[in-house]
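*Asks:* Take this structure first; my questions come after.
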Amino acid sequence: MTRLNLTSTSGTTALLNQGFLGTAAPLYADLVLVLEVGMGVALLIGAFLARRRNYRWHARCQSAVVLLNLVIIVLAMAPSFRTRVVPKIPAKLSRAPYALVTAHAVLGSIAEIGGLYIVLAAGTKILPTRFRFTSYKRWMRSILVLWWIVLLLGVATYSRWYIPF
C-alpha cells in the first residue's frame, strides 16, 4: 500500500492511505465502493431467489445485505458525511459534488430505513401486526429500485470526489 503525502494550506502534512482502485480515494472509500456494488448484486440475486420461490434463502440474503449496509453506513459513510459535507451545507449545496453526495445520503437513508422496516415486518414478529404490511412484493421491489438508484448515486459520488477529470 502506498502513501500519499499531502500538504494542507496550514502547512501541516497529512498521510492518507491510497486505495487499491488506482484513484485518489483512501482505502476505506475503495472498500466501501466494492462492498456496495457487491451488495447491489447480492440484492438482485436475492430477488431472483424470491422469483424461484426460495423464500428462506431470499430472506437470508436480503437481510444480510441490509444489516451489512447499516454497519457500513455507521462506520464509514455517516462519519465521512458529517466531517466533509455537513459543515459546508447550505453554503456549497449548489455545487454539484455537494448536491450529489447530499442526495445520495438522503435517498440512501430512506432506502436503508425501508430495508430495515421490511426485515422487521417480514422476517420477525417484533412489530405489532398493525405496523406490518401485507403487500410485500410492492414494498420490496420499490426498495430494490431505490437501492439501485442510491448505488448509482454512490458511484457518481465516488467518481466526482476521487477521479480527476
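*Asks:* Given charges of +1 on the Cβ of Lys and Arg and -1 on the Cβ of Asp and Glu, with all other atoms neutral, how large is the dipole of the chain about its Cα centre, in debye to the nearest 20? Kindly include the intermediate steps, with their values, before the conclusion.
*Replies:* Numbers: 18 positive and 3 negative charges, 145 e Å.
Using only the charged Cβ atoms, the result is roughly 700 debye.
*Asks:* What ranking do 120-131, 90-101 get when scored by the average of other Cβ atoms within 10 Å per residue, highest first? Walk me through the numbers on the way to the answer.
*Replies:* On the way: 120-131: 11.3, 90-101: 13.2.
Ranking the peptides 120-131, 90-101 by packing returns 90-101, 120-131.
*Asks:* When only Cα pairs under 8 Å and 6 or more residues apart are kept, what is the percent relative contact order across the chain?
*Replies:* 22 percent
*Asks:* What angle, in degrees between 0 and 90 and rounded to the nearest 10, separates the Cα long axis of helix 136-162 from the longest principal axis of the Cα atoms of the chain?
*Replies:* With rounding to tens, the tilt is 10 degrees.
*Asks:* Specify which residue in the list MET39, TYR162, ILE89 is farthest towards the positive end of the charge dipole of the stretch 27-162, using unit charges on the beta carbon of Lys, Arg (+1) and Asp, Glu (-1), about the Cα centre.
*Replies:* MET39
*Asks:* Ok, one more. Can you show me the helix-derived [θ] at 222 nm for the chain, built from DSSP H runs with n ≥ 4 at -39,500 (n - 2.57) apiece and divided by the number of residues, rounded to the nearest 500. Each step should come with its number before you reach the end.
*Replies:* Details: 5 runs with 105 residues, N = 165.
So the calculated ellipticity at 222 nm is -22000 deg cm²/dmol.
*Asks:* Based only on Cα atoms, what mean projected area does the convex hull of the stretch 27-162 have, in nm²?
*Replies:* Its Cα hull, projected and averaged over all orientations, spans 8.9 nm².
Every number here is computed from the coordinates shown, using simple stated rules; none is lab data. Quick caveat: nothing in here was measured; it's all calculated off a predicted structure. Using ideal geometry, Cβ is built from the backbone for each residue, glycine included, and neighbour counts are taken over all protein chains shown.
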